[in-house]
1. Please give, to one decimal in nm, the separation of the simple spin-label points placed at residue 177 and residue 85, each 7 Å out from Cα toward the Cβ.
2. Which length gain, in nm to one decimal place, applies between residue 158 and residue 191 when the Cα-Cα distance is subtracted from 0.36 nm times their residue separation?
3. Efficiency by 1/(1 + (r/R0)^6): what FRET value for residue 210 and residue 99, r their Cβ-Cβ distance, R0 = 56 Å, to the nearest 0.05?
4. Kindly state, as a whole number, the per residue volume in cubic angstrom of the convex hull around the alpha carbon atoms of the stretch 43-89.
5. What is the Rg over Rh value, at two decimals, for the stretch 158-198, using alpha-carbon atoms and the Kirkwood definition of Rh?
6. Below 8 Å, C-alpha to C-alpha, sequence gap of six or more: please give me the relative contact order for the stretch 79-189 in percent.
7. With the crude spin-label approximation of a point 7 Å out along Cα→Cβ, what separation in nm comes out for residue 57 versus residue 111?
8. Which number do you get for Rg(Cα) / (2.2 N^0.38 Å) in the stretch 83-122?
C-alpha cells in the first residue's frame with residue numbers, strides 16, 4: 001500500500017437535516033481525500049489544491065476561512081459549561097460580538113487566563129496574529145500546541161503564496177463533528193454560502209476497523225461552483241491527463257516545482273518525505289502516476305525525470321519537460 005493515498009470522487013450526495021428544508025437535499029459534490037499523513041505540509045497541499053481547483057475552473061477573489069476544531073473544542077471544555085451554555089458561547093463567537101461575549105464570560109466566572117484566550121482568539125483575523133500568540137496557563141497547554149501547528153501551516157501557505165487569501169476564524173466549525181484539527185471553508189463574493197470546505201479527521205478511519213490513519217480532505221458543491229461561475233462570467237477550462245509526482249528533500253524547491261507544473265495545466269503531487277527511490281516508484285505506479293520529478297536543487301538546473309511507463313530516467317530542464325509532454 002502507498003505511504004500516502006490520494007483519492008477523489010464526483011458523485012451525487014444526500015443530506016437530511018433541517019438546514020436543507022429550503023434547498024434540495026440531493027446535490028452533486030466533488031471531493032478529495034489525502035490519507036496517511038498528518039503534517040503541516042499535507043494540510044498546506046490540500047488548501048493549495050482547493051484554491052488551485054477553484055482558480056482552474058475560472059473563479060476569482062477566492063477566500064479561505066480556517067479554524068482549528070480541537071483548539072475551539074479544548075477551550076470550550078476548559079470552561080466546564082453545560083452544553084446549552086456552550087452553544088450560546090459558540091453563537092457569540094460566530095457573531096463576533098465582543099461586548100456580549102465579555103458580559104457572558106463575566107456572568108459565568110471565567111478565569112482571567114481563559115477570558116484573555118477567548119478575547120484574543122476571537123479578535124484574530126490572520127495566521128500571523130495566531131503565530132505571535134502563546135498562553136502561559138497550564139490549562140491552556142493543549143491550545144499552545146494547536147497554535148504552533150497553525151503557525152507551521154502559515155509558513156507552508158507562504159511557500160505556496162496563498163497566505164494573503166487565508167483568514168483565521170476561531171469560531172469556525174463544520175456541521176459534522178469528526179474533525180480533529182484544521183477546518184476550513186472556501187468562498188467567493190456575492191454567493192452567500194461557502195462553495196465547500198473540509199478539514200483534518202485523524203480519528204475517523206479507525207471507526208471502520210483497526211487501522212488508524214490520519215487523513216484530511218475537502219468537498220465542493222458543484223451547483224454552487226456553477227452559480228459562482230455564472231455570477232463571475234467565467235468558462236471552465238479543459239482537463240489535463242498527465243500526472244506528475246514531485247519528490248524533493250527541499251520543501252521550498254518542491255513547492256516551486258509543483259506550482260510551476262500546475263500553472264502549466266499538469267496534475268502535480270508533492271512528496272517531501274525522504275523515501276527510497278524504489279518505494280517511491282512503486283507507490284507512483286500504484287497511483288497511476290506518469291512521471292516522477294526529482295528536484296533537489298535550483299530549478300534553473302536540469303531535474304531528474306523518471307518515466308513510469310518506459311521505466312527510464314533522464315535529466316532535462318523543467319521547461320523542456322513541460323514542452324515535451326505538451327507536444
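Computed from the coordinates by the stated procedures, all read-outs in this text should not be read as laboratory data. What you see is a predicted model, and the numbers here were worked out from it, not measured in a lab. Glycine also receives a Cβ, built like all others from the backbone with ideal geometry; neighbour counts cover every protein chain displayed.
1. With each label point 7 Å from Cα toward Cβ, the separation is 1.8 nm.
2. On the way: separation 33, 0.36 × 33 = 11.88 nm, distance 2.71 nm.
Full extension of this stretch gives 9.2 nm more.
3. Values: r = 50 Å, r/R0 = 0.89.
That pair, residue 210 with residue 99, gives E of 0.65.
4. Working: hull volume 4.6 nm³, N = 47.
Value for the stretch 43-89: 98 Å³ per residue.
5. Working: Rg = 11.7 Å, Rh = 11.9 Å.
The Rg/Rh ratio comes out at 0.98.
6. Numbers: 65 pairs, mean separation 28.0, N = 111.
Worked out over the stretch 79-189, it gives 25 percent.
7. 4.6
8. Details: Rg = 9.2 Å, N = 40, 2.2 N^0.38 = 8.9 Å.
In units of the 2.2 N^0.38 Å rule of thumb, it is 1.03.
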